[in-house]
């Protein structure tokens with residue numbers, strides 16, 4: 001338990017008083033002669049004890065006083081340090097600070113206060129405001145000081161102080177200072193320079209007036225919500241200020257524009273300003289308005305400042321102009337704007353149709369493009385449109401850049417206010433030509449030898465005279481008859497399939513069928529049919545091919561007979577023992593039987609050459625003399641010669657084989673005696689010749705045995721000479 005310094009002093013004082021009283025009692029007791037002498041020694045001991053106690057108490061008091069003096073010194077030093085610290089703190093703050101006594105004398109000021117009033121801390125101590133300020137200002141300051149002391153609470157006042165750069169406005173906060181006994185002993189004050197803030201407030205008030213009065217939309221936003229909006233936004237969109245501020249502003253943006261708007265906001269957050277950004281907003285009445293925005297971010301506060309104005313009407317006008325200009329440019333019709341008889345504007349269709357561009361028409365009178373025969377009519381129409389201010393239509397020929405003329409159907413009107421003439425035209429050159437062509441076509445329709453019909457569904461709309469001439473039906477007759485009623489029963493299914501296959505992708509077809517004539521017979525017609533998808537009309541042209549069909553059937557019969565004969569010939573050729581080769585006039589092999597393949601050693605007909613020298617070396621039977629290729633039966637047959645049994649040796653140098661053959665040739669000629677093909681037969685006599693040689697050798701041996709050797713040699717020589725002559 002701690003005992004305060006005052007209690008310790010009081011306790012020591014009481015003990016000393018008791019010691020003094022005890023000592024005085026002992027002294028008085030000693031003066032009494034009738035005292036008990038036996039008590040003297042006890043009193044002596046008590047007196048000594050009291051003396052010692054008194055000395056101890058004095059020592060204790062000494063140390064107590066010493067400790068208190070040391071504590072006081074420490075407190076004084078600490079107070080000085082704190083005072084220095086306080087002075088340093090208030091000197092380094094930006095606000096002027098002061099402390100006054102209750103009578104107005106200054107106890108302390110900081111450096112900023114001294115700089116403000118051009119006085120130092122040492123100079124101001126003990127002085128009042130009246131010592132260095134004008135009386136009126138000093139009285140004002142003193143009255144506010146007294147007000148603080150009276151009300152014992154903080155008081156804020158706005159004070160104006162003249163400085164070198166002009167008047168400055170300060171907020172003075174004055175407050176009472178209390179001692180340990182909770183008594184006011186002084187008052188303090190802190191001044192804050194609010195000059196810039198005052199200017200900002202004044203500017204803000206002016207800005208707010210402009211903000212609220214502006215016809216343009218002005219907003220301040222943070223993150224995804226408006227912080228502040230001016231009345232123009234509410235007026236434009238129809239929502240209250242509370243609705244617009246309490247909901248994310250993207251809720252009011254047209255759904256299709258939200259992504260682009262969010263991207264623009266993200267860009268603003270990086271510090272990039274937005275200029276001329278357009279987006280759509282949904283109004284309270286569900287209409288949509290276009291707003292054109294310019295925005296700037298404040299990265300320090302995270303605020304976005306934006307200005308916008310309603311461009312809905314402008315966008316509608318722009319869109320209308322774009323649409324009008326688009327139609328002006330993409331129209332197939334010619335559009336012209338002219339004034340005082342000269343061109344002002346033309347569309348691309350004018351250039352495509354007539355060939356002129358804008359530069360070509362510069363300083364060129366409108367009437368100069370009219371055909372000489374149409375100029376008077378065109379001028380009269382111009383004058384009428386100017387007088388009556390009405391829409392006129394007329395047809396005229398217009399000169400093209402290439403010198404040709406085109407027929408145009410014109411519609412024009414005159415604007416009295418601007419003096420401009422607006423004209424539209426359509427190229428009807430083809431229409432005019434088609435009208436002429438139609439007349440010509442109608443003449444051909446009536447004159448043509450081919451059957452022409454126009455049908456809708458299964459009904460005839462129109463038939464040409466050739467139809468009547470070929471089949472016997474008149475236009476009146478055919479109006480009561482369906483097309484399929486005239487088709488031969490065996491052909492109806494095929495005709496129905498051909499007609500049903502007509503479509504937009506396949507609008508044309510061709511087929512042949514038999515049609516019933518008025519006399520009950522049938523005729524073959526070859527039809528070309530074309531479908532008009534839009535009108536669902538069939539345009540058909542047909543030709544009588546009855547005679548052609550008959551001839552085709554006869555030709556088919558002849559071809560079948562020829563094919564049968566060819567097959568019979570092939571069977572005969574394949575089964576004879578000799579090789580047969582047939583070549584056409586182009587010297588191409590068109591037939592070779594198996595025996596010919598076997599003799600030549602070539603089993604693919606297309607590889608066989610008409611000249612055997614391409615496959616073999618050719619020799620006479622003496623096997624030494626080369627056989628000339630021009631004397632071969634094939635070559636001689638192409639020249640129209642007939643050859644029989646030409647004896648030739650075929651030597652294959654690759655296989656080292658030889659064959660002895662007899663070749664015969666015959667030419668095939670047409671009605672004009674021209675060679676159209678050649679046929680050769682090849683007979684392999686190698687085995688026969690070998691047997692003959694063996695037989696002759698055997699016969700020679702026998703003859704030698706019986707003595708006829710010389711005579712036989714002579715006969716053999718004669719026989720050889722005869723054979724050579726026959727070969728040549």
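Readers should treat all values here as calculations from the given coordinates under stated rules, not as data from a laboratory. As the structure is a computational prediction, the values presented were derived from the model and not from experiment. Note that each Cβ is placed from the backbone with ideal geometry, even for glycine, and that neighbours are counted across all protein chains shown.
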Roughly what angle does helix 258-269 make with the longest principal axis of the chain, taking Cα atoms, 0 to 90 degrees, to the nearest 10? 50 degrees
FRET efficiency for residue 641 and residue 462 from the Cβ-Cβ distance with R0 = 45 Å, rounded to 0.05, comes out at 0.10
Rounded to two decimals, the Debye log10 I(q)/I(0) of the range 236-287 (Cα scatterers, no solvent) at q = 0.23 Å⁻¹ is -0.95
Pairwise label distance in nanometres, residue 576 with residue 245, each label 7 Å out on the Cα-Cβ vector: 12.2 nm
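Provide the FRET efficiency to the nearest 0.05 for the residue 552-residue 651 pair, computing r from the beta carbons and using R0 = 41 Å.
On the way: r = 53 Å, r/R0 = 1.29.
Rounded to the nearest 0.05, the efficiency is 0.20.
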For the range 606-679, what number results from the quotient of the Cα radius of gyration and 2.2 N^0.38 Å? 1.20
How would you rank 358-368, 595-605, highest first, on the average number of other Cβ atoms within 10 Å across their residues? 595-605, 358-368
With a bin width of 20 angstrom, please list the P(r) values of the chain as percents of all Cα-Cα pairs, from the 0 bin to the one holding the largest distance. 9, 12, 15, 14, 13, 11, 9, 8, 5, 3, 1, 0
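Report the gain in length on full extension from residue 510 to residue 301: 0.36 nm times residue separation, minus Cα-Cα distance, nm rounded to one decimal. Show your work: numbers first, answer last.
Details: separation 209, 0.36 × 209 = 75.24 nm, distance 8.35 nm.
Full extension of this stretch gives 66.9 nm more.
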Simple spin-label estimate for residue 318/residue 57, 7 Å along Cα→Cβ, in nm, reads 10.7 nm
Residues 312, 625 in order from fewest to most other beta-carbon atoms within 10 Å are 625, 312
For an R0 of 25 angstrom, estimate the FRET efficiency from the Cβ-Cβ distance between residue 181 and residue 11 and round to the nearest 0.05. 0.50
What residues of the range 483-519 lie in the reach of a label at residue 545, counting those whose backbone N is under 13 Å from a point 7 Å from the Cα along Cα→Cβ? 510-515
Could you work out how much longer the chain between residue 73 and residue 698 gets when fully extended? Use 0.36 nm per residue separation minus the Cα distance between them, nm to one decimal. 207.8 nm
Two pseudo-spin positions, 7 Å from Cα along C-beta at residue 162 and at residue 673, lie apart in nanometres by 15.2 nm
Across every pair of different alpha-carbon atoms, what Kirkwood hydrodynamic radius in Å does the range 302-449 reach? 18.0 Å
Give the order of 656, 76 when sorted by the count of other beta carbons within 10 angstrom, beginning with the fewest. 656, 76
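Counting each DSSP H run of 4 or more residues in the chain as -39500 (n - 2.57), what helix-only mean residue ellipticity at 222 nm follows after dividing by all residues, to the nearest 500 deg cm²/dmol? Kindly include the intermediate steps, with their values, before the conclusion.
Details: 22 runs with 318 residues, N = 728.
The helix contribution divided over the chain gives -14000 deg cm²/dmol.
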